[in-house]
Amino acid sequence: MTDMSIAWSEDYACGLNSGARGLAGLLRPVKAEALAAPAAEPAWTASGDRPLIELRKVSKSFGPVIALDNLEATILPGELVTVVGPSGCGKSTLFNILAGLEEPDPGNILRFRGKSSAASELLGQVSFMPQRDLLLPWRNVIDNAILALEIEGMPRAQARAEALKMLPEFGLSGFEAQYPNQLSGGMRQRVALMRTFLFKRDLMLLDEPFGALDALTRTMMQRWLLDVWQKHRRTVLFITHDVDEAIFLGDRVLVMTARPGKVKLEQKIDLPRPRKADIVTSPEFVGLKKTLLDAIEEESMKSFMTSGH
Amino acid sequence: MSTVAASSNARRIGRGFAGAFLLAAIWELSVRGFNLPTYVLPSVSSILAGMVADAGKLAAAARFTAAEALTGYLLGCVIGIAAAVGVSMVPRTRSAVMSVATAINSVPVVAYSPLVLLWLGIGMTSKIVMVAVAVSFTVFLSTVAGLDRVDRKSIDLVRSFGAGRMAVLWRLRLPTALPLIIAGMRVSTVRSVIVAIVTEMLGAYGGLGWVIYQAVLQIDFVQVWAAIIVASAISLCFFGVISFIEQRYIFWR
């Protein structure tokens, strides 16, 4: 466990020192931006952007089981929205719908960039990262990272060149020729994230990407994700079990109800960015955490009672 | 890592030769010690002498058999893999094809040899077809099993990148199935030589099976053994080549 995190911080440091694309370079423009907009009001509200994704009355049942029930949610361009909820609350079903893998029940409204769409039209439009890294064992790091680009039809050489440039940022320099079975859990996860990032789509869906990592590696990965997100400005929907993670990362947190899932609480997170690790002890953070935990506690009890375990 | 694998390979091959040598020594000593008649068991030295004396004839027969086995093998692999891919792409055909395949495969394929000889004559074609049938069933069943191993979530992931059915097959299903496909191909190597020889014994113009059959008629047991040893050498080489390819390219297993 500690070995892995040490290895991680070492190559994290390598990334920092490796020049133009290092994280130190990434942080500077972000700070400048934060100073320029001291109101902590995200840019999109001012410019009045239309939502990237709008879900109205989205339900999904599998036989007698109702996974989602009239779920409503809106995601604006450039936002990082986190989703928390008790286990089995239909979070993954929501993601499968947004990734275009499953159709919601009839009667829903799903608008993508303001246009009414069927879920299947979202196939190939959204970059999706499932819970497990699902790296292909016969492909090395670089070839796993370019999988989506290859499927898009980009020539391999070009895709590899593009991915090679991104390696330092993902703390994977020097590992391009390694195979997944030679990597630690944290590194595998970063390869999977890199694959997701290289598939350049407006919406990124991350399904508990750090769930299987130890606590130390996880906090490192969270900070790193924020850096990368602030640089690339993608819209991110991030599922997690961890309330701290949800607050630390998110512009907004959606708390889902126990099954059938819908949005129980939508909490705006006004903590200033860039967020430092010690923000988790600030009174604002603790206050938000209490609100969210209360809501989740109520739902967890419900799902605990109904599932009868 | 690869040098470690190479040296352990070398050690394994060394042990194999040591075992063969030990067997030959015990064989030679017991034939001499118990004074066994040739028709029961000829001595290793007399078999080796026979192999040298009949070298030309055995080499020609070996080439004949190897050509049949290899052609049938390649044909069988292609047919087996193609059929498995077809069945997995059109799931509705699956249960029909699988039950027929299992039924045919439940009897040793050589049981069909007399019929195939009747239909296709005693030339090379009948042997090639028999080998192809034997190999294609084994490869078909292992390929189907391999293609089934693909994880639903991986398919979903690749689909979310916009992959169609062909891209899923090419980039995900076939590579996932590859370890089992090769395992089926490895087992089939030995099978292909056996089937070729057995079919030759039932009627042929040449080949090791034909040599064995003729030698039995002439009560020349030294030659029977010589042909058997050549046949097992071919089998082992064939098996070794495919095992080598397997180890070299299926490194992630």
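Points worth noting:
- Extension gain from B:ARG149 to B:LEU217, taking 0.36 nm per residue of separation minus the Cα-Cα distance: 19.4 nm
- In this calculation the C-beta distance from B:TRP170 to B:LEU36 is compared with R0 = 45 Å, giving a FRET efficiency of 0.15.
- Rg over Rh for the protein assembly as shown works out to 1.14, using Cα positions for both radii and the Kirkwood form for Rh.
- Each of A:THR291 and A:HIS232 was given a label point 7 Å from its Cα along the Cα-to-Cβ line. The distance between the two points is 3.0 nm.
- 18 Å tail of the calculated P(r), the range B:107-216, as % of Cα pairs: 59 percent
- Rounded to whole Hz, the Karplus (6.51, -1.76, 1.60) HN-Hα couplings of the range B:56-69, x for glycine and proline: x, 5, 5, 4, 5, 5, 5, 4, 4, 5, 4, 5, 4, 4
- Extension gain (nm, one decimal) between B:LYS57 and B:ALA82, 0.36 nm per residue minus Cα-Cα: 5.2 nm
- Among B:ALA132, B:ALA49, B:ALA61 the positive-end extreme of the charge dipole of the range B:37-249 (Cβ point charges): B:ALA132
- Subtracting the Cα-Cα distance of B:SER99 and B:GLN247 from 0.36 nm times their residue separation leaves 50.0 nm of extension gain.
- Theoretical FRET efficiency, 1/(1+(r/R0)^6), r = Cβ-Cβ of B:SER232 and B:MET89, R0 30 Å, to 0.05: 0.15
- For the range B:37-249, the relative contact order comes to 31 percent (Cα pairs under 8 Å, sequence separation of at least 6).
- Here the dipole of the range B:37-249 is about 960 debye; that uses its Cα centre as origin and unit charges on the Cβ of Lys and Arg (positive) and Asp and Glu (negative).
- Neighbours of A:THR291 by Cβ distance under 15 Å: Lys/Arg scored +1, Asp/Glu scored -1, total -3.
- What the Cα convex hull of the range A:188-296 gives, in volume per residue, is 113 Å³.
- Distance between the C-alpha centres of the range A:199-245 and the range A:81-146: 15 Å, rounded to the whole angstrom.
- Between amide H atoms placed 1.01 Å from N, distances below 5 Å from A:VAL83 occur with A:PHE238, A:ILE239, A:THR240, A:LEU254, all of them 5 or more places distant or on a separate chain.
- Cα-only Debye scattering, the range B:37-249: base-10 log of I(q)/I(0) at q = 0.15 Å⁻¹: -0.95
- Cβ-defined net charge surrounding A:ASP105, 14 Å radius [Lys, Arg +1; Asp, Glu -1]: +1
- 3J(HN,Hα) along the range B:155-161: 4, 4, 4, 5, 5, 5, 7 Hz, from the Karplus curve 6.51 cos²θ - 1.76 cosθ + 1.60 with θ = phi - 60°, whole Hz, x for Gly and Pro.
- Free of any chymotrypsin sites (Phe, Trp or Tyr not before Pro) that DSSP assigns to a loop and that have at most 13 other C-beta atoms within 10 Å, the longest stretch within chain B is B:40-204.
- Shape analysis of the range B:41-167 yields a ratio of the Cα radius of gyration to the Kirkwood radius, Rg/Rh, of 1.18.
- FRET efficiency for A:GLU152 and B:ARG15, using Cβ-Cβ distance with R0 set to 45 Å, rounded to 0.05: 0.35
- Net charge of neighbours whose Cβ lies under 14 Å from the Cβ of B:MET89, counting Lys and Arg as +1 and Asp and Glu as -1: +3
- For the range A:101-186, trypsin sites (Lys or Arg not before Pro) meeting the loop criterion (DSSP other than H, G, I, E, B) and having at most 15 other Cβ atoms within 10 Å: A:ARG113.
- Note on A:ALA215 and A:ARG50: the model spin-label points, each 7 Å out from Cα along the C-beta direction, lie 4.7 nm apart.
- DSSP beta bridges fully contained in the protein assembly as shown are about 50 percent antiparallel.
Quick note: the coordinates plus some simple rules give every number you see, no bench work behind them. The structure presented is a predicted model; accordingly, all values stated were derived computationally and were not measured. All Cβ positions, glycine included, derive from the backbone under ideal geometry; neighbour counts span all protein chains shown.
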